[in-house]
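Reading through the structure tokens given below for one structure.
FYI, it's all coordinate maths here, none of it is from the lab. As the structure is a prediction and not an experimental result, all values here were calculated from the model. Methodologically, a virtual Cβ is constructed for each residue, glycine included, from the backbone with ideal geometry; neighbour enumeration extends over all protein chains shown.
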Amino acid sequence: MEDCPHCGWPRSEVYEVLSRHLTSEGVVSYTRCACGELEVRVQPFAPGAVVGTAGTAGTADPPEPGR
């Protein structure tokens, strides 16, 4: 990414995230530069490997039958 055309702040360093939303295309972020310029960024979903899971599967004893 290039720098902000107004102040030169690197766009790779987000100054302030105003909001972030999940969409069918990916994650849309509304950000503000150090100079106040607003920007809409889209990070598309990409296929990838699952690197971890959340939950307690396998960490507790299974429930007894009938409970």
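Annotations for the structure displayed:
- Amide hydrogen neighbours beyond the local backbone of D3, cut-off 5 Å, H modeled: R11
- The order of the peptides 3-11, 21-29 by mean Cβ neighbours within 10 Å, most packed first, is 3-11, 21-29.
- For region 6-23, 3J(HN,Hα) per residue [Karplus equation, 6.51 cos²θ - 1.76 cosθ + 1.60, θ = phi - 60°, Hz, x = Gly/Pro]: 8, 10, x, 5, x, 5, 6, 10, 5, 6, 8, 9, 7, 7, 9, 9, 7, 10
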